[in-house]
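Asker: Sending over a structure as structure tokens; questions will come in a sec.
Derivation of every value follows stated rules applied to the coordinates shown; laboratory data play no part. Because the structure is predicted, anything quoted here is derived from the model rather than measured.
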Amino acid sequence: GVAITDAMDMKGLSDLYPDGESAVMAILAGCDILLYYNGNANSIEMGMSAIYKAVEDGVITEARINESYERIVKQKERFNLVSNEPDFEDAKTSEEHLSDFIDLTEWDSDMKESVRKLLADCREKIKL
């Protein structure tokens, strides 16, 4: 699967580590996609610059970046998102694949039904 960070520009994280340092640490920890909640261009640029520098310096290997790229592409292909245009017909069957993402073995039937209802409500709201 693809590992995605929470907001890299959250105050709790940005107070402890400069943006660039936390971005490199996230990649080294195995994250494939780094999210920036506030969309601060400076934070994003510092993170990208630090990652490029880490690759140039050999701290992060190019192979590591390629691994993330391959995982992301594989997931996009799995959900028919290669064109960046979602296929909402496939999304209708996402409930069938819920167990691919969540271990349902310890969930009771009420919890499973609640999740199924939530998925159905979401589909209805976006007119699937």
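Asker: Amide H of Met8: which non-local residues (sequence gap of 5 or more, or other chain) have their own amide H closer than 5 Å, using H built in the peptide plane?
Answerer: For Met8, the qualifying residues are Leu35, Tyr36, Tyr37.
Asker: State the extension gain, in nm to one decimal, for the chain segment bounded by Glu70 and Asp15, taking 0.36 nm per residue of separation less the distance between their alpha-carbons.
Answerer: Working: separation 55, 0.36 × 55 = 19.80 nm, distance 3.20 nm.
Length gained between Glu70 and Asp15: 16.6 nm.
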